Each structure stands twice: as structure tokens, then as C-alpha cells.
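Scroll down for the structure; my scribbles are underneath it.
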Amino acid sequence: MQQQTPNSPRLMKRVVVSSGLREADIRPPALMSEFKRLSVHDAAEYFRDPASRVETACPACDGADRDPAFDKYGFQYNRCRACGSVFVSPRPTAEALENYYTHSNASRFRVEHFSRDTAKARRYHLLSSHASWMCQAYDEAGNREARVYADLYTHSPLIFDEVHALGVFDTLYSVDPILSPQGETQAPVRVVAESAARGLGAVSAFEKMEHQFAPAAFLRAAAAMLAPGGLFFFTTRTISGFDLQVLWDKTPYIFAPEHLNLMSIEGLGQLVARCGMELIELSTPGQLDLQLVEHAARQDPSIELPAFVRYLIEERDALAHEDFQAFLQKHRLSSHVRVAARKTKE
Ligand SMILES: [Zn+2]
């Protein structure tokens, strides 16, 4: 990246992208509805016992002060008074979550339908841009002597084809994959256990942070896999984004335990810093906020959009919508966030 002061959000890279991405391509409504139905049903089943849930501090800044934000399907979301992150507490214990992700119908559905049925569109729109983002950052800011790339808990094995095609890394690992890369990708990938992944040049975790019991522990575990100067890349949803701020508890497809952590932009910066890493990039290249708001309001008559938002959507043209989305990206106000962090310490 260009000259940047670590952890100084004002100087950090911000990207603006537009690729004609449509929500329906990567998250088809029929699949999403079924996944949500199964998740809500399974969550009620798996976490019914109050003993399976524990109170937690803010997952981003570790602050203890919070206000109730909203209740969704029996889970209490809170808003951190210090950093504005929104998070579920009490939340299922790490053990209860692991049991859920291993055995629930929702998880099985995710692997069987989601990863495969949307693979082509995801590859075209997301995975190729994830791969070039990571390889470019590695070229510019990584430890070039550490030449292994690993994806954690892979659910889109085609990421390896995209990374392999760029020829930047010597070796590719899939750490404890959710969908095994064997037979799913042409690239040479080794499946390894977390404990065997050490001294790596780059590690990625796409759409995982939001359902971690403890994001800080997750980040520290990723840091432990990296060589000094190695890079950790992750994507997640942020409560600072336009669609979540406007729709709040009515945001479709936000539910537990998929979304335990909706960390704010400010909170994400603090999280990275307190895990002994430095921020290389924190940007929100989301392309869908306005589309998501418009769609949600059309589907759910109980949603009352602020007058300005309704006016923008209904009375202004496609160019205004595009420019507005570009503004959200530029100022880190979209809800799809991506982060690149560098390991500084052993
Ligand atoms: Zn906080």
C-alpha cells in the first residue's frame, strides 16, 4: 500500500469498486430464506437451555458498558457504549456453537447448497477480487519470504483457483475446511489442521468473524499461524454500514448464531490493535447497501424508511444511486467490510 501510518484510519487505503454485483447472484433469495428458516429453527433447538449461553463484553473493544439494541428470534443484541459495535449477549458458549456448526441442519444446508449453488457467481464477483486484493497487499506490504497462503475453514474452495492463478504463493493450505477443496478446485491445495499451520505469509477468513464466539481469540489464533510481517485478511458485516444503520433490526438475513458480532468500523480498528496486529487496510467496498435497503422495504411493509432515503430511492435515477453507493464506499459507510492486518510481534 502507499505511505500509511499504521492504525491511522484517515490515511488508510479506501477502495471504490463497481462490478454490477447483484445481491441475488451471490445470495439467491430462495436459498437465503431456507437457510434463515433452518437457522432460526435450529438455534431455538440447540440453545434453548439458558446454561448454553453466557454474557460477554464487547467483542471488538472489550468494553463492558452496553445498551439493549434489539431482540431477534430470542437473542438479545446490545450496542457497546464505547465503540458502537452491536453484538449478541448472552451468547451460545464456544462449545455449544461448535456442536451447532457440526451437527445442525442449517450448517449442512449451507455446505450442500450455498457454497456450491452460488459458486460461479461468487467466483466471478467476489473470489477473484479477494484474490487480487490479497496478492497485491502481500506484494506491497507482506513478508515475501513466507510463501504459504492459507484459507481458514474454507467454504468457497474456488478461492484457491483464483489465488493459484496469480502465482504469488508457493504453497496453498486449507485449514480445517467446511467444504473440502478435494474435487472442488483445480489448484494444488493441502488440507491441514490449525495446529500444523505455522510461519505463513498470508491467512484469510471470509465471512467468519461475525459468528465467532470470541473474535479476539480468532484473530490471535490467525496471528499465531503467521510469520512475523505476515498478513491476515478478513471480511465481515459492520453495523456502521448504511443498510444496517437504516434497517437496524429489520435487516433481512441478520440472525443468530450467524451474526453474533456486528462490529463497528471503530471497534474493528481497536480489535486489530489489541490483538497485536497493525491495520494495513480497513475499507468497505460493499456495492449493495442501497439495493438491500430498497429490496428490504419492498418485501417488508413494516419497514418505514427515513424520508430522505425513500426520496433518494424512489425519485432519483440510477446515476444518483451509483454515486451514493460510491460515497458510502469511499467514506467506509457500507456494511460489507474488508480488513488486512499485519502481524507485528511474535
Ligand atoms: Zn466496543
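The values are calculated or read from the model by the stated rules, or taken from the named source; none is laboratory data. The shown structure was predicted, so the numbers you read here are calculated from the model rather than taken from an experiment. Ideal geometry is used to build each Cβ from the backbone, glycine not excepted, and the neighbour counts take in all protein chains shown.
Among the residues making up the range 78-120, a single one is of a type in the set (Ser, Thr, Tyr), touching a Pro at 6+ places or on another chain (Cβ under 8 Å) and over 23 Å from residue 155 (Cβ atoms): 85. Within the range 17-72, the set of residues being hydroxyl-bearing (Ser, Thr, Tyr), modelled with pLDDT under 95 and buried (at least 16 other Cβ atoms within 10 Å of the Cβ) comprises just one member, 52.
Can you name the residue in the range 253-266 that is in contact with a Leu (Cβ under 8 Å, 6 or more places away or on another chain) and either part of a loop (DSSP other than H, G, I, E, B) or surrounded by fewer than 20 Cβ atoms within 10 Å (Cβ to Cβ) (or both) and, of all such residues, is modelled with the lowest pLDDT? Only one residue fits best here, namely 254. Give the range 125-148 a look and list any residue that's over 21 Å from residue 282 (Cβ atoms) and more than 18 Å from the chain's Cα centre (by Cα), or say none. Once the filter is applied, which keeps residues that are over 21 Å from residue 282 (Cβ atoms) and more than 18 Å from the chain's Cα centre (by Cα), the range 125-148 yields 144, 145, 146, 147, 148. Within the set 269, 183, the sole residue that is small (Gly, Ala, Ser) and either closer than 29 Å to residue 46 by Cα or surrounded by fewer than 21 Cβ atoms within 10 Å (Cβ to Cβ) (or both) turns out to be 183. What tally of residues in the range 207-226 results from selecting those that are in a strand (DSSP E or B) and more than 16 Å from residue 175 (Cα to Cα)? Final tally of qualifying residues: 0.
Here residue 234 does not fit the description of being under 24 Å from residue 179 (Cβ atoms), surrounded by fewer than 23 Cβ atoms within 10 Å (Cβ to Cβ) and of a type in the set (Phe, Trp, Tyr).
Of all residues in the range 85-128, those satisfying the criterion of being under 30 Å from residue 165 (Cβ atoms) and among the β-branched types (Val, Ile, Thr) are 111, 118.
Name the residues in the range 128-167 that are surrounded by fewer than 20 Cβ atoms within 10 Å (Cβ to Cβ), more than 20 Å from residue 219 (Cβ to Cβ) and not basic (Lys, Arg), would you? 128, 129, 132, 136, 139, 140, 145, 161, 164, 165, 166, 167 - these are the residues of the range 128-167 that are surrounded by fewer than 20 Cβ atoms within 10 Å (Cβ to Cβ), more than 20 Å from residue 219 (Cβ to Cβ) and not basic (Lys, Arg).
The residue list 64, 57, 82 contains one member that is in a loop (DSSP other than H, G, I, E, B), over 22 Å from the mean Cα position of the chain (by Cα) and within 13 Å of the ligand (Cβ to nearest atom), which is 64. Kindly indicate whether any position in the range 109-124 is in contact with a helix residue (DSSP H, G or I) (Cβ under 7 Å, 6 or more places away or on another chain) and of a type in the set (Asp, Glu). Checked against the condition, which is being in contact with a helix residue (DSSP H, G or I) (Cβ under 7 Å, 6 or more places away or on another chain) and of a type in the set (Asp, Glu), the range 109-124 yields at least one hit.
Annotation: of all residues in the range 267-279 being within 16 Å of the ligand (Cβ to nearest atom) and not in a loop (DSSP other than H, G, I, E, B), the one that is nearest to the chain's Cα centre (by Cα) is 268. For the range 27-54, the candidate set comprises residues that are touching a residue at least 40 places away in the same chain (Cβ under 8 Å) and outside any helix (DSSP H, G or I); within that set, the residue that is farthest from the ligand (Cβ to nearest atom) is 28. Against the list (1) aliphatic (A, V, I, L, M); (2) more than 10 Å from the ligand (Cβ to nearest atom); (3) under 17 Å from residue 240 (Cα atoms), the condition residue 96 fails is (3). Among the residues that make up the range 228-241, is at least one of them within 30 Å of residue 288 (Cα to Cα), touching a Pro at 6+ places or on another chain (Cβ under 8 Å) and in contact (Cβ under 8 Å) with a residue 12 or more places away in the chain? So far as the range 228-241 goes, no, none of its residues is within 30 Å of residue 288 (Cα to Cα), touching a Pro at 6+ places or on another chain (Cβ under 8 Å) and in contact (Cβ under 8 Å) with a residue 12 or more places away in the chain. Every listed requirement among (1) within 21 Å of the chain's Cα centre (by Cα); (2) surrounded by fewer than 17 Cβ atoms within 10 Å (Cβ to Cβ) is met by residue 205 save one, (2).
Of everything listed in (1) out of contact with any Phe, Trp or Tyr (no Cβ under 8 Å at 6 or more places or on another chain); (2) buried (at least 22 other Cβ atoms within 10 Å of the Cβ); (3) among the basic types (Lys, Arg), the single unmet condition for residue 91 is (1). Run down 129, 195, 180, 204 and say which single residue is touching a helix residue (DSSP H, G or I) at 6+ places or on another chain (Cβ under 8 Å) and of a type in the set (Ser, Thr, Tyr). Answer to the selection: 204.
Checking each residue in the range 227-252 for being under 26 Å from residue 122 (Cβ atoms) and part of a strand (DSSP E or B) picks out 230, 231, 232, 233, 234, 235, 236, 237.
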